[in-house]
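Below is one structure; the comments refer to it alone.
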Amino acid sequence: MNKIALLGTGLIGTFYTMSLLGQRRKDKIHVVCSVPEDSAREFAQKWNIPKYTSSMKEAIEDPEIDIVVVGLPNFLHKEAILMACKAKKSILCTKPLALNASEAKEILDAVEDAGLFNGYLEDLVYTPKTLKAIELVNGGALGRILWTRSREAHPGPHSAWFWDKKLSGGGALVDMGCHCIEIGRNFVGKDIKPVEVMCWAETQVKPIEAEDHAIALIKYESGAISQVEVSWNFRGGMDLRDEVSGTEGTIRLDHWLRTGFEVFTTGKTDNYVAEKAESDNGWLFPVGDEVHSLGYPDMFTDMLDSFDQGKKPRETFYDGYVVNAIMDACYKSAETRKWEPVELSDWRGKEGVSANVDLIDFDDLHFLIKREKMPDGNTKLMLKEKSTGKIIQKIITL
Ligand SMILES: NC(=O)c1ccc[n+]([C@@H]2O[C@H](COP(=O)([O-])OP(=O)(O)OC[C@H]3O[C@@H](n4cnc5c(N)ncnc54)[C@H](O)[C@@H]3O)[C@@H](O)[C@H]2O)c1
């Protein structure tokens, strides 16, 4: 059993607590920290947590604590993590790891220099559907990965600090693009280098300095491309979707709005429907087990099992650093309106991966481009002559 200090009792602190203390878990939250202190006290009472405080230092330095979980606003991640490093405590941090890549690198160096266990709490790569999809991709079911698309869009976040670029590091891209980028990396292969990005980011609706809508393309050394779509202007709930496509197949995932669970109600009761649901009447799309659907319990199982076994979890601070570096390149591209390189002073994956097209032999004289069964029952083949490069078609009759 590990004893945890949970910093932050807002939306993510609540989801983390539901996951850590739900379903007969063996680890315990020993102390919670939030401001004002009353909020920490109320949270501790509600969840039966022995200690509460409004002092990060006090929570982190509590001698009984094995692990610090950072669920604080983005601008406090670095301060909390450096404090945990000083206290030699293992650390799990929510997304995004930092406000930008240079801050993320500072954090990464600090935990690694101190030799501390670290986990990047990127829950959306742990959803049951995503874990299964990653397993299929890794098993080769889709062949060579060519394209991924990850979309997260909702009507905007629930606390003031998110909307202030100085406190959050950016808008919808930092808030949700970090998820989409890391989902793409998991499908493309985390050892494949992200090379350059093209990004459009705009403030379309909200009276803020940060972008409330962005679309980015991330090119990988393997030739794969990841498409990231984020918005704080989307109406109708939370749109969470992923797609992956490869030479041998395709996967489509819908995590939130269309999961096969649809309810109609006139809305006479005041029920919570699902995160970021905008309505509680008419046709609704509740989510059966919200924390599982968002990946939190599987994420903490991996994190805490890895901690117990002295190994690295699936997502570490290094991944958080790579994500921050990709987001920095996105912001640069949105400004210059050009493809911008991803600057990774510390790259730990493969180098020189080929983006060459795999040629499929049809026979000694031809490469196969495509085969299609036609409505008349015949099969059409698109072939390329090896000697001349000419493209021809061949019909195989029934
Ligand atoms: N899916 C996810 O992984 C996910 C979802 C939501 C939020 N997040 C991340 O979690 C972090 C927190 O977001 P949130 O939605 O819970 O925010 P929130 O505004 O709901 O909660 C923030 C919490 O931090 C506490 N806090 C603020 N300043 C503090 C201080 N100086 N000392 C101690 N406590 C302090 C507040 O009291 C509050 O409990 C952010 O980094 C956000 O990006 C992750």
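Any read-out appearing in this document is the output of simple, stated calculations on the displayed coordinates, not a laboratory observation. The structure displayed is predicted, hence computed values, not measured ones. When we count neighbours, we look across all protein chains shown, and the Cβ atoms used for this are built from the backbone with ideal geometry, even at glycine.
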- Message: I'd like to know which of His30, Val244, Leu257 lies farthest towards the positive end of the charge dipole of the chain, counting +1 on Cβ of Lys and Arg and -1 on Cβ of Asp and Glu.
- Response: Val244
- Report the local net charge at Asp27: Lys and Arg +1, Asp and Glu -1, summed over other residues whose C-beta lies under 9 Å from its C-beta. +3
- Message: For the chain, take the longest principal axis of its alpha carbons; what is the angle in degrees between that and the long axis of helix 77-86, to the nearest 10 within 0 to 90?
- Response: 70 degrees
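Can you give the local net charge around Glu290? Use residues other than it whose beta-carbon is closer than 12 angstrom to its beta-carbon, Lys and Arg +1, Asp and Glu -1.
Its environment carries a net charge of -2.
Where Lys and Arg each count +1 and Asp and Glu each count -1, what net charge lies around Ile12 among other residues with Cβ under 14 Å from its Cβ? Numbers along the way, then the final one.
Working: positive: Lys95, Lys276; negative: Glu122, Asp123, Asp175, Glu275, Glu290.
Surrounding charge for Ile12 is -3.
At a Förster radius of 35 Å, what calculated FRET efficiency corresponds to the Cβ-Cβ distance of Ile360 and Trp200, to the nearest 0.05?
Step by step, r from the Cβ atoms, then E = 0.45.
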- Item | Nearest-ten-degree value, helix 128-138 long axis tilted from longest Cα axis of the chain | 40 degrees
- Note on the structure: Packing-ranked peptide list from 228-240, 134-146, highest mean Cβ count within 10 angstrom first, is 228-240, 134-146
- Treating only Lys and Arg (+1) and Asp and Glu (-1) as charged, each at its beta carbon, one finds that the chain has a dipole about its Cα centre, in Debye to the nearest 20, of 740 debye
- Task: Enumerate the whole-percent occupancy of each 20 Å bin, from 0 to the last occupied one, for all C-alpha pair distances of the chain.
- Result: 25, 53, 18, 4
- Query: Order of 34-44, 200-210 by packing, highest average Cβ count within 10 Å first?
  - Reply: 34-44, 200-210
- Note on the structure: The cysteines in the chain that find no other cysteine Cβ closer than 4.7 Å to their own Cβ are Cys33, Cys85, Cys93, Cys178, Cys180
- Listed here are the pairs Lys3/Lys132; Lys132/Lys190; Lys26/Lys95; which of them are more than 28 Å apart at the Cα? Lys3/Lys132
- Query: Using the alpha-carbon centroid of each, what span in Å lies between the stretch 342-377 and the stretch 83-114?
  - Reply: 39 Å
- Relative to the present Cα-Cα distance, how much length would full extension add between Arg24 and Phe261 at 0.36 nm per residue of separation? 82.7 nm
- Message: Please arrange Asp361, Asp346, Asp27 by how many other C-beta atoms lie within 10 Å of their C-beta, fewest to most.
- Response: Asp361, Asp346, Asp27
- Message: Highest mean first, how do 330-339, 8-17 rank when packing is the count of other Cβ atoms within 10 Å averaged over residues?
- Response: 8-17, 330-339
- Within the chain, helix-based [θ] at 222 nm, where runs of 4 or more DSSP H residues each add -39,500 (n - 2.57), nearest 500: -8500 deg cm²/dmol
- Query: Relative to the first principal axis of the alpha-carbon coordinates of the chain, what is the inclination of helix 317-336, with its axis defined by its Cα atoms, in degrees from 0 to 90 and to the nearest 10?
  - Reply: 70 degrees
- Message: Once you order the gyration tensor axes a ≥ b ≥ c over the Cα atoms, which shape class does the stretch 196-256 get: rounded for a/c under 1.5, otherwise prolate or oblate by comparing a/b with b/c?
- Response: oblate
- Which distance in nm do the two modelled labels at Leu136 and Asp164 give, with both placed 7 Å along the Cα-to-Cβ direction? 4.4 nm
